[in-house]
1. Looking at segment 101-132, which of its residues are of a type in the set (A, V, I, L, M, F, W, C) and within 18 Å of GLY199 (Cα to Cα)?
2. Is it fair to say ASP194 is surrounded by fewer than 22 Cβ atoms within 10 Å (Cβ to Cβ) and more than 14 Å from the ligand (Cβ to nearest atom)?
3. In the list ALA304, ALA319, which residue meets the criterion of being of a type in the set (A, V, I, L, M) and within 18 Å of ALA346 (Cα to Cα)?
4. Among (1) open to solvent by 10 Å² or more (accessible area, probe 1.4 Å); (2) in a helix (DSSP H, G or I); (3) among the acidic types (Asp, Glu), which single condition is GLU81 missing?
5. Name every residue in segment 200-215 that is more than 25 Å from ILE441 (Cβ to Cβ) and either part of a helix (DSSP H, G or I) or not assigned by TED's automatic domain parsing to the domain that holds LYS21 (or both), in order of residue number.
6. If we scan segment 163-179, do we find a residue that is open to solvent by less than 40 Å² (accessible area, probe 1.4 Å), modelled with pLDDT of 95 or more and within 10 Å of the ligand (Cβ to nearest atom)?
7. I'm told ALA186 meets every condition in (1) more than 9 Å from the ligand (Cβ to nearest atom); (2) under 19 Å from the mean Cα position of the chain (by Cα) except one. Can you identify the failing condition by its number?
8. Considering only segment 312-340, state which residues are open to solvent by 60 Å² or more (accessible area, probe 1.4 Å) and either under 27 Å from the mean Cα position of the chain (by Cα) or among the β-branched types (Val, Ile, Thr) (or both).
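The values are calculated or read from the model by the stated rules, or taken from the named source; none is laboratory data. The structure displayed is predicted, hence computed values, not measured ones. Because the Cβ atoms are built from the backbone with ideal geometry, glycine has one as well, and the counts that use them run over all protein chains shown. All accessible areas refer to the heavy atoms of the entire protein, side chains included, with ligands and DNA or RNA removed. Shrake-Rupley method; radii C 1.70, N 1.55, O 1.52, S 1.80 Å.
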Amino acid sequence: MQIINPATDKLIKSIDEDTEKVVQTKYQLLREGQLKWKDTDIFDRIAAVKKFSELLRENVDSLAEILTAEMGKPLSQSRDEIKGACKKIKFFTLESERYLSGKNVNVDGNTHERIVYDPLGIIGNISAWNFPYLVGVGVFIPALIAGNAVLYKPSEHTTLTGLEIEKYLTLAGVPNDVFQTVVGGANAGRYLLDLPLDGYFFTGSNKTGRYIAQRVADKLVPVVLELGGVDPVYICDDVKSLKETAAAVSEGCFYNNGQSCCATERIYVHKDIYHDFVDLLADETNKLVVGDPLESKTNQGPLARKIQKGFLNDQIADARGKGGRVVTGGNPVGEVGAFFEPTIIADANHDMKVMKEETFGPVKAVMKVQDDEQAIALMNDSDFGLTASVFSSDHNRAKLILDRVDSGTSYINCLDRVSAYLPWSGRKGSGIGSTHSFHGIYAFCKPRGIHERMLN
Ligand code: NAD
């Protein structure tokens, strides 16, 4: 497998993909290790995870360089991602014990009733490349704290980062028969599906997620899918500052080059402010500096995958053909690397691919709406339901709108954010199950009811 720097097209490293046999050997190792790990005191498991977080912080600069080299996000965003992952880990180290400890819930005559939380066993964690630290720690950290072993397959586009994660977990005291990394792409992922794992936690595209859910259905084990979105924002006519709103929306659209599961993709704007807002959004977008991700002034590096340029060109051509007006951007940048201009298409409609398919890149579309009712209908007119956002100076108006939009996360006057304290879950084509919050702690356990008859 060749690991290519998407900013320079240069080879970083060649690395062998794991064969099926190697993956099976890693699995066998974990079977042994998990039995010891689940009996390790939870405070010792938490201590190892805390140490891992400390090591990430101590090594943030070198880890950020590796991440930027293999997937292209600006160095400052790589550093922020690693620090954000440490913040998320803190939630799990602070909160897990109280949720996972056994609970006496009822006494019925001389029978005491109690709930305990057993780990699932060995979980498969097949992950995406866009936020390998932030997305990864939402899965393997609560899994480890709950006493599971983890067979972790990072995306082939962030393999080196995945191997660094394994290295620092081991250095932090997580035994190597408790956490193992599988190197490779789709084939390596399929090997995990063939193993008798005790749960599958997948982050990636809708297409792969559906395939995985079907392939493992017969095993009757938990499957959590965190998939994509075509996330909407609606700008009401009463926003306090159009300029500040445009700046916030631009950030939600283009952070990480638009390669966020919860990136804003569909922008609906009330008719009374539509033209002014489009102009301001174009102005904000024009401020973004595209270029070398190692330069501190760069806001947007290359796309992680060069092949994505063709996909973006196709969405833009389709939108143009259906009445879309490109108000800024619209083109790839240069011959070397996978650079693409941040692009805003105005006068969008729901016949356009850009409003239906996940773009997962720096191409965004704006559509004029008549009123709140039309905005709600359009926001719901999607196969996805990850996040939805409303900007309004009237919080009640925003809440009432979002109560009627079918999405796992609602944002009022903000967007593109994830909190460890809140469940992260997609609806419709955006996934099933939850990570983060206490839901994302219990996701890695099997609750067991104990009926204890007391002897007189
Ligand atoms: P992808 O589906 O191409 O790949 C995801 C992972 O699945 C990779 O590790 C890949 O090697 C593996 N894989 C691919 N085919 C497989 C197969 N047949 N069997 C087993 N494993 C297989 O997705 P991607 O391009 O890595 O990630 C981008 C997608 O992830 C976007 O749709 C994005 O919205 C989504 N995403 C969602 C969230 C969320 O929390 N909801 C977070 C990040 C990314």
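1. Taking segment 101-132 as the starting set, the residues that turn out to be of a type in the set (A, V, I, L, M, F, W, C) are 105, 107, 115-116, 120, 122-123, 126, 128-129, 131.
Selection gives LEU120, ILE122, ILE123, ILE126, ALA128.
2. So ASP194 does not fit the description; no.
3. Going through ALA304, ALA319 in turn, just one is of a type in the set (A, V, I, L, M) and within 18 Å of ALA346 (Cα to Cα): ALA319.
4. Unmet condition: (1).
5. ASN206, LYS207, THR208, ARG210, TYR211, GLN214, ARG215
6. No, because not a single residue in segment 163-179 is open to solvent by less than 40 Å² (accessible area, probe 1.4 Å), modelled with pLDDT of 95 or more and within 10 Å of the ligand (Cβ to nearest atom).
7. Going through the list (1) more than 9 Å from the ligand (Cβ to nearest atom); (2) under 19 Å from the mean Cα position of the chain (by Cα), ALA186 breaks only (1).
8. Once the filter is applied, which keeps residues that are open to solvent by 60 Å² or more (accessible area, probe 1.4 Å) and either under 27 Å from the mean Cα position of the chain (by Cα) or among the β-branched types (Val, Ile, Thr) (or both), segment 312-340 yields ASN313, ASP314, ASN331, VAL336.
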